[in-house]
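J.: Dropping the structure in here first, questions after.
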Amino acid sequence: MIAFNIPPYIGGEEKYIAAAIEKRKICGDGEFTKQASHLLEEIIGTKKVLLTTSCTHALEMGAILCDIKPGDEVIMPSYTFVSTANAFALRGATIVFVDVRSDTMNIDETLIEAAITPKTKAIVPVHYAGVGCEMSVINKLAENHDLYVVEDAAQGIGAAYGDRPLGAIGIFGCLSFHETKNVSCGEGGAFLINDLRFVERAEIIREKGTNRSKFFRGEIDRYSWCDIGSSYLPSELNAAYLFAQLKQLGKVNADRLDTWNFYKENLRDLKECGVIETADIPANCTHNAHMFWVKLKNLKERTKFIAYLKQSGIGSVFHYIPLHSSTAGLKLGRFHGEDKFTTVESERLVRLPIYYGMTQADREKVVEVIHDFFGDNV
Ligand SMILES: *Cc1c(COP(=O)(O)O)cnc(C)c1O
C-alpha cells in the first residue's frame, strides 16, 4: 500500500526530546522553543516568531490582534480549511468568501476589492499547496483600505513569493506543524509577526492574557492579568521534535520536490492530451512541494479515479468542501460575487501521495496506475 501521507521522521528527534526530559524542563518556552523560534526567524526572515500549539491557534491570535469585533467582515477564500474561518468567526466576524483562481486554487486577487465594505477589517490569503497568493496586489489593497493582512501559510514553509518567504509578507503569518505538513511535531504551529509594534500584546495573548513572558525575562517582579488571551504555547517536547525537523527543512523540501517534479514530468502526456490538469506554478512563486494535485473531468470521474487508485494500493484524497456551502458557513458567512470556480474545481481536484522519503519505485507505481486508469482514452 502506498500511503497518501507518512509524517516526516528524519532522525535525531528523540535526542532533543530526551534532552528536554533530562533537564526536567518540558513545559513551554524553554531552550528548544527558543531555538526553534530563532531558526524560524532566520528561515523566514520575519521579525518575531512565537511557537503555538497549532496553526488554528496562531490564526486565533491573529484575529485577536486585529481587534476583530462582532459585525466586522473578514475576506478569505471559501476553498480553505475550517480554521481559517473559525478563528475570525470566534471573534464575531462575518466571513466574506471570494472565489479562487482555477490555476492555483488561491483567492482571486482581482475580486477582492469589490468585496470590501466599510465593515471590512482584514484579508486572509491562504497559500494553497505552498504556492503564494498575489501578495503585492493584496498588500496594496490592504494599504489603500486600511486593512490587516493575516497570511494562512499553514502549507507554505520554505516557499516564497518573489524573494519573500510566505508568512513574512502580511502583517501576520501563521504556520502549521501538523503531521500532514512538510515538517511537523504532531500538532503545532507558529505565529509570525512582521511589525514589532504587535509583539508585546501577542506575547500576552499567548500566555493566557498575562505578562508572564516579561516576568520570566526579569523585566517585571510579578505578572498579572492584562488582556484577553488563552494558552497558545506548546510544550518543550513538541518544540524539541520540531527543532530537529526544522534543521532538516532543506533536505525535506528537496526530497518532496523530487517527487513533485517526477509526477509533473511523467504525467505531462496526460495533461497535454487534455485528460487531466496539474498545477502550473506562477513565475514569481517558489513552491515547497507541499502538494501535488490533479484535476479530473468532474466529481463522477474523480470518485472513480480515487477508487481505482485505492484498489491498486494507492492512497489519494480530495480536499476542501467549500466553506460557504457548509452548515456553519451558511450561518457565519456569505459568498461575494459569483462562485465560478470554488465549487466546480473543488469537486475535480485530487491529491496524490507525497511525503519525505517516498521511494522511486512508489513514484513510478503511482504514475503507472494513473496511466492505466485512462487506458485507451488517451
Ligand atoms: C493545516 C491547515 C490549517 C490548520 O493547521 P493546524 O496546525 O492543524 O491547526 C489551517 N489552514 C490551512 C490552509 C491548513 O492547511
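J.: Cα-Cα over 24 Å: which of K121/K295; K34/K208; K47/K140; K23/K48?
T.: Working: K121/K295 34 Å; K34/K208 19 Å; K47/K140 21 Å; K23/K48 26 Å.
Correct reply: K121/K295; K23/K48.
J.: Continuing with this model, one more query. Roughly speaking, what % of Cα-Cα pairs in the stretch 322-371 are separated by over 16 Å, rounded to a whole number? Let's see the in-between values first.
T.: Working: 744 of 1225 pairs.
Summing the P(r) of the stretch 322-371 above 16 Å gives 61 percent of all pairs.
J.: Could you order the peptides 212-224, 160-172, 82-94 from most to least packed, using the average number of other C-beta atoms within 10 Å per residue? Numbers along the way, then the final one.
T.: On the way: 212-224: 12.3, 160-172: 22.2, 82-94: 20.6.
By packing density, highest mean first, the sequence is 160-172, 82-94, 212-224.
J.: R0 = 41 Å: FRET efficiency of D221 with Y308, Cβ-based, nearest 0.05?
T.: Values: r = 67 Å, r/R0 = 1.63.
For D221 and Y308, the calculated efficiency is 0.05.
J.: If the viscosity is 1.567 mPa s and the temperature 4 °C, what translational diffusion coefficient in µm²/s does Stokes-Einstein give for the stretch 88-156 when Rh comes from Kirkwood over Cα pairs? Don't jump to the answer; show the numbers that get you there.
T.: Working: Rh = 12.5 Å.
The calculation lands on 104 µm²/s.
J.: What is the Cα radius of gyration of the stretch 46-175 over 2.2 N^0.38 Å, N being its residue count? The partial results should precede the final answer.
T.: Details: Rg = 13.1 Å, N = 130, 2.2 N^0.38 = 14.0 Å.
Dividing the Cα radius of gyration by 2.2 N^0.38 Å gives 0.94.
J.: Place the peptides 186-193, 335-342, 355-362 in order of packing, highest mean first, counting for every residue the other Cβ atoms within 10 Å and averaging per peptide.
T.: Numbers: 186-193: 24.4, 335-342: 17.4, 355-362: 15.0.
So the order, starting with the most tightly packed, is 186-193, 335-342, 355-362.
J.: Counting each pair of different Cα atoms once, what's the Kirkwood radius of the chain in Å, rounded to one decimal? Could you put the intermediate results ahead of the total?
T.: Numbers: mean 1/r = 0.0466 Å⁻¹.
Taking the inverse mean of 1/r over all distinct Cα pairs, the chain comes out at 21.5 Å.
J.: Can you return the aspartates and glutamates within cross-link range of K247? Criterion is Cα-Cα under 12 Å, with same-chain partners fewer than 8 residues away left out.
T.: Straight-line reach from K247, under 12 Å: E13, E42.
J.: Plugging the Kirkwood radius over Cα pairs into Stokes-Einstein for the stretch 122-225, at a temperature of 37 °C and a viscosity of 0.692 mPa s, what D comes out in µm²/s?
T.: Numbers: Rh = 15.0 Å.
So the translational diffusion coefficient is about 218 µm²/s.
J.: Using Cα-only point scatterers and the Debye equation, what is log10 of I(q)/I(0) for the stretch 1-95 at each q in 0.13, 0.14, 0.16, 0.19 Å⁻¹, rounded to two decimals?
T.: With no solvent term, the Cα-only Debye profile gives -0.70, -0.78, -0.91, -1.03.
J.: Enter the Cα centre distance for the pair the stretch 1-77 and the stretch 308-378, rounded to the nearest angstrom.
T.: Value for the Cα centre distance between the two parts: 27 Å.
J.: Given the convex hull of the Cα atoms of the stretch 130-289, what is a quarter of its surface area in nm²?
T.: In nm², the orientation-averaged hull projection of the stretch 130-289 is 12.3.
J.: A further question follows. If a paramagnetic tag sat 7 Å from the Cα of D372 along the Cα-Cβ line, which residues of the stretch 1-27 would have the backbone N under 13 Å from that point?
T.: Flagged as within label range: 1-2.
J.: Please report the orientation-averaged projected area of the stretch 267-378, defined via the convex hull of its C-alpha atoms, in nm². List each step's numbers first, then the result.
T.: On the way: hull surface 37.1 nm².
Orientation-averaged projected area of the Cα hull: 9.3 nm².
No lab work stands behind these numbers, since they all come straight from the coordinates. As the structure is a computational prediction, the values presented were derived from the model and not from experiment. Here Cβ is always computed from backbone atoms with ideal geometry, including for glycine, and neighbour counts include all displayed protein chains.
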